[in-house]
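Worksheet: the structure to be examined is printed underneath.
The values are calculated or read from the model by the stated rules, or taken from the named source; none is laboratory data. None of the values given here were measured: they were computed from a predicted structure. Cβ atoms come from the backbone with ideal geometry, glycine included; neighbour counts cover every protein chain shown.
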Amino acid sequence: MSRQLRMAVGLFSLFFFVVMPAQALGPVDGEVSAVWWNNEYAVEEGGAGASEDAAAPGFLAELWLMNRYGLRAGVYSSDLDDVGLDNSDYMSVDLLWRAFSPTENSFFALGAGWTEMDLSTIGLAGDTSGARLTAEGRVGIIALLYLYGQGAYMPALDDAPATDPALGRFEDLESTELELGVSWKILPVLSLRAGYRKQQVEFLRTGFIPLPGSPTEVNGRVESDGFLAGLTARF
């Protein structure tokens, strides 16, 4: 079983474990989405860069209590097996509060949560993680169709050493996440989902052994972005 699939199974097992006790507190609504994220993975450091096609599946689940308080879990990935590199995985869990919600499919929500990322593809040893601030909005167009947007900001991910001590350390890591799209209900419990998603991490690499005349620090950026499409099951 792949690391990404293990992450998805673990997250969603926890997610559904929450459903039963939540139902005792009030009305509960939820949805689970499986998508194909046709993303391109790009790395830029010190003015040089490279990119690769890295399409991979993604999974997202949301649970809403009394149409006001939410729990969201997501797992996305950039698949780099074709170039002999490990995948880059992005996992997150958020608690949400609907600040404005005139209808089920028209609302604005704010939240906070936790994220964990595997960035070994850039030479980072192990995972990096940190707190995140999130926002989500939906605008109902007709009864069966709504537009949506989700964003997150991770201001201070954990510093981490490089896999090779000669490559130094990764510091000042911060990340942003954005997804925009549309959802169309084709059955009472099933919707089609399409949109665009972008995940970006910026960092400063220090402590490496530079070439003569080269800087002792370099700024870098990792970006995964592309269109996605999938299915959402509602309950």
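Could you list all residues from the range 184-207 that are farther than 20 Å from Leu173 by Cβ and among the hydrophobic types (A, V, I, L, M, F, W, C)?
Result: Trp184, Ile186, Leu187, Val189, Leu190, Leu192, Ala194.
Can you tell me which residue in the range 26-49 is farthest from Leu192 (Cα to Cα), limited to those that are small (Gly, Ala, Ser) and part of a strand (DSSP E or B)?
First, the residues of the range 26-49 that are small (Gly, Ala, Ser): 26, 30, 33-34, 42, 46-49.
Within this subset, residues satisfying the condition of being part of a strand (DSSP E or B) are 30, 33-34, 42, 48-49.
Values: Gly30: 15, Ser33: 9, Ala34: 10, Ala42: 28, Ala48: 39, Gly49: 35 Å.
Top of the filtered list is Ala48.
Here is a list of conditions, (1) touching a Phe, Trp or Tyr at 6+ places or on another chain (Cβ under 7 Å); (2) modelled with pLDDT under 90; (3) over 26 Å from Ala55 (Cβ atoms), and Ala131 meets all of them except one; can you say which number that is?
If we test Ala131 against (1) touching a Phe, Trp or Tyr at 6+ places or on another chain (Cβ under 7 Å); (2) modelled with pLDDT under 90; (3) over 26 Å from Ala55 (Cβ atoms), just (2) comes out false.
Out of all the residues in the range 76-110, which are among the aliphatic types (A, V, I, L, M) and under 22 Å from Arg221 (Cβ atoms)?
Quick first cut of the range 76-110, residues among the aliphatic types (A, V, I, L, M) only: 80, 83, 85, 91, 93, 95-96, 99, 109-110.
Result: Leu80, Val83, Leu85, Met91.
Across the range 50-75, what is the total count of residues that are more than 30 Å from Arg221 (Cβ to Cβ) and among the polar types (S, T, N, Q)?
Selection size over the range 50-75: 1.
When the residues of the range 53-111 are narrowed to those that are surrounded by fewer than 22 Cβ atoms within 10 Å (Cβ to Cβ) and among the polar types (S, T, N, Q), which ends up farthest from the chain's Cα centre (by Cα)?
Thr103
If you take the residues of the range 63-117 that are part of a strand (DSSP E or B) and in contact with a Pro (Cβ under 8 Å, 6 or more places away or on another chain), which of them is modelled with the lowest pLDDT? Reasoning before the result, please.
Restricting attention to the range 63-117, the residues satisfying the condition of being part of a strand (DSSP E or B) are 63-65, 69-78, 88-103, 106-117.
If we keep only those that are in contact with a Pro (Cβ under 8 Å, 6 or more places away or on another chain) as well, we get 65, 77.
Values: Leu65: 87, Ser77: 91.
Looking at the filtered set, the residue picked out is Leu65.
Anything in the range 54-79 that is hydrophobic (A, V, I, L, M, F, W, C) and touching a Ser or Thr at 6+ places or on another chain (Cβ under 6 Å)? List them, or say none.
Restricting attention to the range 54-79, the residues satisfying the condition of being hydrophobic (A, V, I, L, M, F, W, C) are 54-56, 59-61, 63-66, 71, 73, 75.
Hits for the range 54-79 are Ala54, Ala56, Leu60.
Go through the range 181-191 and count every residue that is over 15 Å from the mean Cα position of the chain (by Cα) and surrounded by 14 or more Cβ atoms within 10 Å (Cβ to Cβ).
Here is the first cut: in the range 181-191, the residues over 15 Å from the mean Cα position of the chain (by Cα) are 182-191.
Then keep just the ones that are surrounded by 14 or more Cβ atoms within 10 Å (Cβ to Cβ); that gives 182-185, 191.
Summing the residues that are over 15 Å from the mean Cα position of the chain (by Cα) and surrounded by 14 or more Cβ atoms within 10 Å (Cβ to Cβ) in the range 181-191 gives 5.
Within the range 128-152, how many residues are without any contact (Cβ under 8 Å) to a residue 24 or more places away in the chain and closer than 15 Å to Ser92 by Cα?
1
Looking only at residues in the range 142-180 that are closer than 23 Å to Phe107 by Cβ and aromatic (Phe, Trp, Tyr), which one is farthest from the chain's Cα centre (by Cα)?
If we take residues in the range 142-180 being closer than 23 Å to Phe107 by Cβ and aromatic (Phe, Trp, Tyr), then Tyr146 is farthest from the chain's Cα centre (by Cα).
Looking at (1) over 26 Å from Leu95 (Cβ atoms); (2) in contact with a helix residue (DSSP H, G or I) (Cβ under 8 Å, 6 or more places away or on another chain); (3) not aliphatic (A, V, I, L, M), which is the only condition Pro188 fails?
Against the list (1) over 26 Å from Leu95 (Cβ atoms); (2) in contact with a helix residue (DSSP H, G or I) (Cβ under 8 Å, 6 or more places away or on another chain); (3) not aliphatic (A, V, I, L, M), Pro188 comes up short only on (2).
Is it the case, given these coordinates, that Asp158 is of a type in the set (Asp, Glu), surrounded by fewer than 16 Cβ atoms within 10 Å (Cβ to Cβ) and touching a strand residue (DSSP E or B) at 6+ places or on another chain (Cβ under 7 Å)? Walk me through how you get there before you give the answer.
Numbers: of a type in the set (Asp, Glu): yes; surrounded by fewer than 16 Cβ atoms within 10 Å (Cβ to Cβ): yes; touching a strand residue (DSSP E or B) at 6+ places or on another chain (Cβ under 7 Å): yes.
Yes.
Anything in the range 201-235 that is under 20 Å from the mean Cα position of the chain (by Cα) and surrounded by fewer than 16 Cβ atoms within 10 Å (Cβ to Cβ)? List them, or say none. Lay out the reasoning, then the answer.
Keep residues of the range 201-235 that are under 20 Å from the mean Cα position of the chain (by Cα), which gives 201-203, 220-233.
Residues satisfying the conditions are Arg221, Phe227, Ala229, Leu231, Ala233.
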